[in-house]
Amino acid sequence: MYYALVTGASSGIGRAIALRLVEQGYQVVCCARSEEALAELSEQTEGKCLPLPVDLSEQGSAEFVWQHCQNGQLSIDVLVNCAGYGAVGHHVRHSAQSLAQMCRLNVNTPTELCALFGREMRERRSGHILNVSSIGVLTNAPRFSAYVASKSALDAFSRCLSPEVASRNIDLTAVYMPLVRTPMIAPTKIYDYVPALTPEQAADMIANAIVDRPKSVASPLGTFAQVSYAMWPRFNDFVLHKAFHMFPSSKVA
């Protein structure tokens, strides 16, 4: 029996990848705050999604998840860090509380989960960790500076950890997720007119990455933006500056 752990599994991308992993034969430990949504997911999959209600933005939550799996003798083969806290608006407008919450959920908890479950993977000499990042890390999107910074921190952590565990047959994959139609992007109304993936299409990206184990997964737009910024950073800043002033902030921001 193969086990996977998916954070943020109550809705959106997390829920879609949990369902996809069940189709591929995994038992999936599903972490999220909504006990009701997780119970529904477990019922839908006839118990193959194992619900674990937990607020991953709270200190000690990673240890709680790890201990739960240890008590249930669940040896996690695939860890998918999908839960995330998104925020829009100028960085200086964010409260200290919202920034702290974002860092806990987007950086602290995923890195702690990597450390805890990575320990067992090292002993077993096999494992796969997928950190769901954002296309914003590649495109340097205005108004998302704090969110992109938190995702970039997790990305840098993964890149540094990867050579440390390579000899133990542990792979780390960064998934630079493009826009996906989830509640997270709903407040930014301009995204209503921008092409975006469905959660199921996003789940396909992750499912394929679990099979192929690449270092990273990115859309053509994300790859082009990364190369473009490396070659012409000032031109990119000029274009993004114009876009920043052309499109207003969302009402939430």
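Observations on the model:
- Principal axis extents of the Cα atoms in the range 2-142, from largest to smallest and rounded to whole angstrom, are 44, 34, 28.
- Derived scalar couplings ³J(HN,Hα) [the range 71-80; Karplus, 6.51 cos²θ - 1.76 cosθ + 1.60; whole Hz; x for Gly, Pro]: 5, x, 6, 9, 8, 7, 8, 10, 10, 10
- Residues whose amide H lies under 5 Å from that of Met177, counting only those 5 or more places away or on a different chain, are Ser133, Ser134, Ile135; hydrogens are built 1.01 Å from N in the peptide plane.
- Total formal charge among the other residues, if their Cβ is under 11 angstrom from that of Val54, Lys/Arg +1 and Asp/Glu -1: -3
- Modelled label reach - Ser126, point 7 Å along Cα→Cβ, the range 57-83 residues with backbone N closer than 13 Å: 75-78
- Placing pseudo-labels 7 Å out from each Cα toward the beta carbon at Ala207 and Glu43 gives an inter-label distance of 2.4 nm.
- The packing ranking, built from the mean of other Cβ atoms within 10 Å per residue, places the peptides 196-202, 126-132, 214-220 in the order 126-132, 196-202, 214-220, highest first.
- Projecting the alpha carbon convex hull of the range 1-80 along each direction and taking the average yields 4.7 nm².
- Proximal charge balance of Arg119 [Cβ under 15 Å; K/R count +1, D/E count -1]: -2
- Accessible area of the range 32-184 divided out per residue, in Å², using a probe of 1.4 angstrom: 46 Å²
- Euclidean distance between Cα centres, the range 1-47 to the range 114-150, Å: 19 Å
- Table column - 3J(HN,Hα) (Hz), the range 98-104, Karplus curve with 6.51, -1.76, 1.60, x for Gly and Pro: 5, 5, 5, 5, 4, 5, 5
The values are calculated or read from the model by the stated rules, or taken from the named source; none is laboratory data. Note that the coordinates shown come from a computational prediction; the quantities given were computed from them, not determined experimentally. Note that we place each Cβ from the backbone using ideal geometry, even for glycine, and neighbour counts take in every protein chain shown. The protein model used for the area step is the full one, side chains on, heavy atoms only, and it has no ligands, DNA or RNA in it. Shrake-Rupley method; radii C 1.70, N 1.55, O 1.52, S 1.80 Å.
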